[in-house]
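**Q** Below are the structure tokens for one structure; questions will follow.
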Amino acid sequence: MSSASSVNNSDGKEAALFEQQLSKIGEVRAALGQLSGKAALYCSDASIARYLVARNWDVKKATKMLKKTLKWRSEYKPDEIRWDEIANEAATGKIYRTDYFDKSGRSILVMRPGVQNTKKAKGQIRYLVYCMENAILNLPHDQSQMVWLIDFAGFNLSHISLHVTKLTADVLQGHYPERLGVAILYNAPKFFESFWKIASPILEPKTFNKVKFVYPDRPETNKIMEDLFNMEQLESAFGGKNQATFNINDYAARMREDDTKMPLFWSPENSALASEPYVMVNKDKAQEATSSNGVELTSLPGEGKGITSAD
């Protein structure tokens, strides 16, 4: 077969797969029935596709998952959380959105569990949700995912909470599917490995596979940072050259400004949100999401890798 024929054949398969996926998006939309208000805005083709990808393009499972999110959003009202409600949670900079993006244009949430300043899981999760909504608000039009950059400086055994970890996983996986591009666990202490072995089964394989451990004394993992980030912009705490540190007053001003944008983002006039199109990023990724029943999981350095069926 000539190279031209191979390309044409490949393009044809990709086009057929794209049409198949569009058809499944239509099936989910039909199963949801008539939507109005924010629910209609939320259920763009791209949003529905994220739920389908999370459930390996199983229409029934994706529809069930999306219905749960719509119910959650109508009751929890994540887009209506405002800075002044959660400002006390943010005081130490335990989670904040950077003012720069990664090389792919993804929003970055820095997380510093070592400066946890509250004890109630309810407030901690509400602040996480606020940060997720804010990160999505600030995504460029051609990007749908974010990066979690987790700094373990100052982290000790008292900061470990399986309960909060489970609640975090439930929110991320259940209501923000395919929003996480990669999670960098930076310089995790040795004792964290034991906790990770206990906590990792909470994560779905698709999420677990996005977790990368990086250690500043291991050049092979530092390359992950260089590949993902502009080192001139990246904070020095993560091996970058940016000497800036978190300032609560500056950050509060940024968040209050973003709070004024949120109602516009969720207004019926924002047709761009409702009409966000589904774009098949690449055929290999799409085919894997459509047909693969297993994924290889990322392990801690020195551990073996295992195969786990995707949920």
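The values are calculated or read from the model by the stated rules, or taken from the named source; none is laboratory data. All figures in this text were calculated on a predicted structure; none of them were measured in a lab. Positions of Cβ are generated from backbone atoms using ideal geometry, with glycine treated the same way; all protein chains shown enter the neighbour counts.
**Q** So how many residues does segment 90-105 have that are surrounded by 20 or more Cβ atoms within 10 Å (Cβ to Cβ), hydroxyl-bearing (Ser, Thr, Tyr) and part of a loop (DSSP other than H, G, I, E, B)?
**A** 1
**Q** In segment 248-311, which helices (runs of 4 or more DSSP H) lie fully inside it and hold 1 or more residues that are within 23 Å of the chain's Cα centre (by Cα), of a type in the set (Ser, Thr, Tyr) and modelled with pLDDT of 80 or more? Lay out the reasoning, then the answer.
**A** Numbers: elements: 248-265, 271-274, 283-291.
It comes to 248-265.
Yes or no, residue by residue, for (1) outside the structural domain of Asp170 (by TED's automatic domain parsing); (2) modelled with pLDDT under 95; (3) surrounded by fewer than 12 Cβ atoms within 10 Å (Cβ to Cβ); (4) among the β-branched types (Val, Ile, Thr):
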position: Leu17; (1), (2), (3), (4): yes, yes, no, no
position: Lys24; (1), (2), (3), (4): yes, no, no, no
position: Gly33; (1), (2), (3), (4): yes, no, yes, no
position: Cys43; (1), (2), (3), (4): yes, no, no, no
position: Ile48; (1), (2), (3), (4): yes, no, no, yes
position: Tyr51; (1), (2), (3), (4): yes, no, no, no
position: Met65; (1), (2), (3), (4): yes, no, no, no
position: Thr69; (1), (2), (3), (4): yes, no, no, yes
position: Trp72; (1), (2), (3), (4): yes, no, no, no
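**Q** For Lys241, work out the one condition from (1) surrounded by fewer than 12 Cβ atoms within 10 Å (Cβ to Cβ); (2) assigned by TED's automatic domain parsing to the domain that holds Phe18 it doesn't fulfil.
**A** (2)
**Q** Would you confirm, using the coordinates I've provided, whether Ile198 is within 20 Å of the chain's Cα centre (by Cα) and either assigned by TED's automatic domain parsing to the domain that holds Pro113 or assigned to a strand (DSSP E or B) (or both)?
**A** no
**Q** While we're on this one: Tally time: how many residues in segment 234-247 are among the aliphatic types (A, V, I, L, M), over 20 Å from Leu139 (Cα atoms) and assigned to a loop (DSSP other than H, G, I, E, B)?
**A** Residues of segment 234-247 that are among the aliphatic types (A, V, I, L, M), as a first pass: 234, 237, 244.
Within this subset, residues satisfying the condition of being over 20 Å from Leu139 (Cα atoms) are 237, 244.
Of the ones still in play, those that are also assigned to a loop (DSSP other than H, G, I, E, B) are 244.
Of the residues in segment 234-247, 1 are among the aliphatic types (A, V, I, L, M), over 20 Å from Leu139 (Cα atoms) and assigned to a loop (DSSP other than H, G, I, E, B).
**Q** Still on this structure: Looking at (1) over 22 Å from the mean Cα position of the chain (by Cα); (2) farther than 30 Å from Glu85 by Cβ, find the lone condition where Asn187 falls short.
**A** Among (1) over 22 Å from the mean Cα position of the chain (by Cα); (2) farther than 30 Å from Glu85 by Cβ, the lone unmet condition for Asn187 is (1).
**Q** Let me ask something additional. Restricting attention to segment 43-65, report how many residues are in a helix (DSSP H, G or I) and either of a type in the set (S, T, N, Q) or under 16 Å from the mean Cα position of the chain (by Cα) (or both).
**A** Taking segment 43-65 first, the residues in a helix (DSSP H, G or I) are 45-54, 59-65.
If we keep only those that are either of a type in the set (S, T, N, Q) or under 16 Å from the mean Cα position of the chain (by Cα) (or both) too, we end up with 46-54, 63.
Counting residues in segment 43-65 that are in a helix (DSSP H, G or I) and either of a type in the set (S, T, N, Q) or under 16 Å from the mean Cα position of the chain (by Cα) (or both) gives 10.
**Q** Let me ask something else about it. Can we say Gly174 is surrounded by fewer than 19 Cβ atoms within 10 Å (Cβ to Cβ), assigned by TED's automatic domain parsing to the domain that holds Phe238, within 14 Å of Thr207 (Cβ to Cβ) and in contact with a strand residue (DSSP E or B) (Cβ under 6 Å, 6 or more places away or on another chain)? Even if it seems obvious, please write down each step before you answer.
**A** On the way: surrounded by fewer than 19 Cβ atoms within 10 Å (Cβ to Cβ): yes; assigned by TED's automatic domain parsing to the domain that holds Phe238: yes; within 14 Å of Thr207 (Cβ to Cβ): yes; in contact with a strand residue (DSSP E or B) (Cβ under 6 Å, 6 or more places away or on another chain): no.
So Gly174 fails the test.
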